[in-house]
Amino acid sequence: MTVRGIRGAITVAANEETAILEATERLMRNMIEANGINTEDIASVIITVTRDLDAAFPARGVRAIPGFDLVPLMCSNEIPVPGSLEKCIRIMMLVNTEKSLREIRHIFLEGAVVLRPDLSSRLT
């Protein structure tokens, strides 16, 4: 097995606890489903938010998914680059897998599709 990174991002409409938690859970569930991930194979998850999102820790949204009680999660802020996408949650999930780089499916939802349209188009 090899450790591979699986990326994902989603935007939310407002800096509200429910919006942040639901979006993070939705993104993670999509990443897991698209890649056939078993939580036992997850080494760790890094979640970042843009500085305009501070109403909740997005890791709480991931913890709502069964099997994530022991997975190491860490939240952080994105670098505040002028003109960058706002109200964005990003996930980097490190997993043990037999999949090649080309087989990994990165997930970009809502307004975050603009971050990597080249990868988003591979999902169809």
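Residue selection: residue 42 fails the criterion of being farther than 30 Å from residue 82 by Cα, surrounded by 17 or more Cβ atoms within 10 Å (Cβ to Cβ), within 12 Å of the chain's Cα centre (by Cα) and hydrophobic (A, V, I, L, M, F, W, C).
Can you say whether residue 36 is of a type in the set (Gly, Ala, Ser), closer than 22 Å to residue 118 by Cα and either in contact (Cβ under 8 Å) with a residue 12 or more places away in the chain or surrounded by fewer than 17 Cβ atoms within 10 Å (Cβ to Cβ) (or both), as far as the supplied structure shows? The answer is yes for residue 36.
Within the stretch 102-121, none of the residues are in contact (Cβ under 8 Å) with a residue 12 or more places away in the chain, exposed (fewer than 12 other Cβ atoms within 10 Å of the Cβ) and on the phi < 0 side of the Ramachandran plot.
We did not get these values from a lab; they are worked out from the coordinates using the rules stated. Predicted model only: the values in this text are computed from it and were never measured. Because the Cβ atoms are built from the backbone with ideal geometry, glycine has one as well, and the counts that use them run over all protein chains shown.
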